[in-house]
Amino acid sequence: MNDELDPTNAANPTPDVGSPPADVGPAIPPTEPTPARAAQPFETPAATFSAGSLEPAVATGIPTSPVEVGQVARPSRARWAIAGLIALVVVTLSGIGLFALVGASSNSVVSAWSPGDAIVYVEVRADLPGDQRQNLGKFMAHFPGFSDPSTLDTKLDESLDKLISKASDGKHDWTKEIKPWFGGQMAISVSAFPTLSFGAPAGADATRVLAVISQKDPLAAKAWLASIAALSEGSDQTYKGVTITTYGGGSASKAALAVTDGVLLFGDETSVKAAIDRDGKDGLAAAKAFNSAMAGLNGEQVTRTYVDFKGYFKALTTMTETFGGGSTGLDQTLLDKLPAWVSLGGRIESDALVGQLVEPAVDGFPKIEPAESTIAKHLPAATLAMYDARDIGKLTKYEIEQLRQQAGFSEAFKQIDKTLAAAGGLDHLTGWIGETAIVVTADGGKPGGGVVIVPTNVDQANEVVAQLRNLVALVPASAGFTISDEPYGAGTITTIDLGDVSKLSGGGASMPFSGHVQISYTVQDGIVVVGVGPDWVKSIVDVKAGASLADQARYRDAIARVGTKNTGSVFVDLTAIRKLVEPLIATTPAGANYATDTKPYLAPFDILAGASTTGDGTILTRFVVTVINPQ
């Protein structure tokens with residue numbers, strides 16, 4: 001991946017159609033985006049990083065001089081709304097939360113103040129650690145109004161001023177009231193769930209929730225809090241030299257707020273006092289499991305999430321058992337098969353939003369060898385979306401065996417096993433299923449879809465398909481089902497016509513489509529294809545070498561970023577989907593201004609891709625949403 005993206009490159013100019021509140025010129029008619037650039041292949045990092053030991057970021061000054069703008073037309077309200085929507089998209093997908101471009105630091109302050117026994121922890125780094133500040137500027141340069149990264153601070157400050165002013169009816173301001181004290185780091189943790197019981201309110205006294213916000217000016221932070229009417233009617237107390245303001249009912253269930261020299265604390269009173277006791281030491285940042293979870297995340301993150309699965313289900317069981325003596329309904333043997341923890345991270349790259357999910361491999365889980373997708377070579381270039389996974393037959397057998405071990409399923413499996421035995425057994429029915437993909441395509445603007453399977457045993461696949469055909473043939477003719485065969489390609493396409501769709505819905509439902517429901521399938525060229533109608537199956541059979549999805553540079557580059565060799569992957573062509581729905585948008589009231597007010601902000605989003613890989617006892621799933629420069 002080329003990190004040196006120049007948004008002002010003359011060969012690929014990005015139209016600057018303005019951002020609030022400055023006046024801007026008339027919108028430049030958008031054209032279709034350029035193909036995605038060659039991507040840097042994803043590699044599992046050779047080195048890991050524990051929380052608090054990452055390299056410190058190098059401070060980089062970014063000019064904040066305002067943009068000089070001539071006398072031009074003022075943008076429409078719709079365009080202002082879309083500009084705000086793009087900011088919200090980045091907030092949501094990257095987890096920045098607030099675009100507070102304050103001094104960045106690689107170390108997490110808030111995790112040290114959070115409880116070491118947290119079962120759920122979410123952290124947001126609005127201070128943009130490491131390379132995230134630079135990458136944010138390059139990422140936003142793909143959108144109208146942000147082509148000059150040097151003005152990013154100013155534009156984001158202006159946007160936040162407008163947002164906070166509107167939310168507070170003009171009573172509060174970001175630049176003057178919040179930015180001076182905000183340290184850029186935020187976290188919320190949950191250490192215990194409330195107790196539940198019939199006929200009584202939830203036991204809030206058992207809940208342990210703590211929010212931690214870093215701050216660099218305690219006096220300014222206290223002044224801002226004092227200006228908020230909702231926080232002005234608390235009761236003050238001093239605890240170890242720190243003023244705690246409490247709110248609410250009984251002492252055990254009071255909410256509490258405190259400002260220390262380094263952080264702002266808000267949560268239940270017990271959790272706030274415990275945080276003051278820790279004083280930023282021996283918190284979650286020192287927990288072994290947390291550090292193991294964070295070590296699997298590659299690169300600097302703007303958002304991190306940690307879930308202690310064992311602690312989570314233990315707390316969930318405790319909470320539900322108090323509710324009339326019930327339980328989670330999960331057998332301990334099944335709980336033991338869950339990963340001990342899961343971590344999620346989000347970061348910004350110069351041309352993508354990147355998400356990562358890491359979990360330890362569970363003992364006994366089938367070993368799936370990472371490999372390149374075989375099915376992608378059989379799919380047309382016009383594939384809109386694909387989700388594929390390896391060794392589905394092996395995974396199916398494993399999951400069924402896990403359910404079989406549950407005490408509550410023993411009787412049910414006696415009947416299930418009897419039915420399976422009559423059909424040849426589970427291994428016969430599913431053991432041949434290898435790589436499997438759910439596929440959606442658009443041929444000539446007409447969507448279609450189905451399932452494509454690479455069988456590990458073609459003869460066995462043919463036997464099972466024949467069994468299913470014979471089973472359908474036993475359905476009485478009065479049901480309206482018909483079966484037909486058509487020689488095609490190197491085999492035969494069988495179509496099961498289920499009849500009029502209105503009859504399938506009972507005749508009373510209003511269906512979005514008419515005609516017959518047809519399920520077609522074929523086994524040929526080393527694959528099994530099952531889809532909606534014979535035309536879709538034919539579109540898969542007709543794919544030739546050199547014209548498949550696997551031959552497209554955009555697909556190869558996107559998958560390379562998440563792991564070409566993987567145990568499962570997802571690919572969604574956002575650009576193609578946008579083009580498919582745009583004619584429909586044109587027929588709606590919103591279509592009148594779509595080309596100028598909406599499309600320029602959607603066109604940069606190009607591809608969503610994801611893949612899972614294994615290594616060193618962990619499973620890593622990586623997702624990217626790429627953006628490109630519209631021409």
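Once you sort the root eigenvalues of the Cα gyration tensor of the stretch 525-631 as a ≥ b ≥ c, which label holds: rounded (a/c under 1.5), prolate (a/b larger than b/c) or oblate (the other case)?
Cα axes put the stretch 525-631 in the oblate bin.
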*Can you give the FRET efficiency for E463 and R556, using 1/(1 + (r/R0)^6), R0 = 45 Å, r = Cβ-Cβ distance, to the nearest 0.05?*
0.80
_Between the stretch 425-450 and the stretch 573-631, the Cα center-to-center distance that results, in Å_ = 24
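Ignoring ligands, DNA and RNA, what percent of the accessible area of the stretch 523-631 is carbon or sulfur (1.4 Å)?
The nonpolar share, carbon plus sulfur, comes to 61 percent.
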_Added length on full extension, which subtracts the Cα-Cα distance from 0.36 nm per residue, L471 to E372_ = 32.1 nm
_Inter-part distance where the stretch 123-157 and the stretch 455-498 are each reduced to a Cα centre, Å_ = 56
*19 Å Cα-Cα reach of K538 towards aspartates and glutamates, excluding residues that sit fewer than 8 places from it in its own chain*: D443, D485, E486, D497, D525
*Say each of F409 and T456 gets a label point 7 Å from the Cα, pointing the same way as Cα to Cβ; how far apart are those two points in nm?*
1.9
_Not counting ligands, DNA or RNA, and with a 1.4 Å probe, what is M319's accessible surface area in Å² rounded to the nearest 10?_
40
*Spin-label point model (7 Å from Cα, Cβ direction): what's the Y387 to T238 distance in nm?*
5.9
*Quickly work out the D616-to-D217 label distance, labels modelled 7 Å from Cα along the C-beta direction, and quote it in nm with one decimal.*
4.2
_Over 18 Å between Cα atoms: which of K240/K273; K314/K367; K162/K599 fall into that group?_
K314/K367; K162/K599
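The values are calculated or read from the model by the stated rules, or taken from the named source; none is laboratory data. Since this is a predicted model, take the numbers as computed values, not measurements. Methodologically, a virtual Cβ is constructed for each residue, glycine included, from the backbone with ideal geometry; neighbour enumeration extends over all protein chains shown. When the accessible area is computed, the model is the full protein with side chains, heavy atoms only, and any ligands, DNA or RNA have been set aside. Shrake-Rupley method; radii C 1.70, N 1.55, O 1.52, S 1.80 Å.
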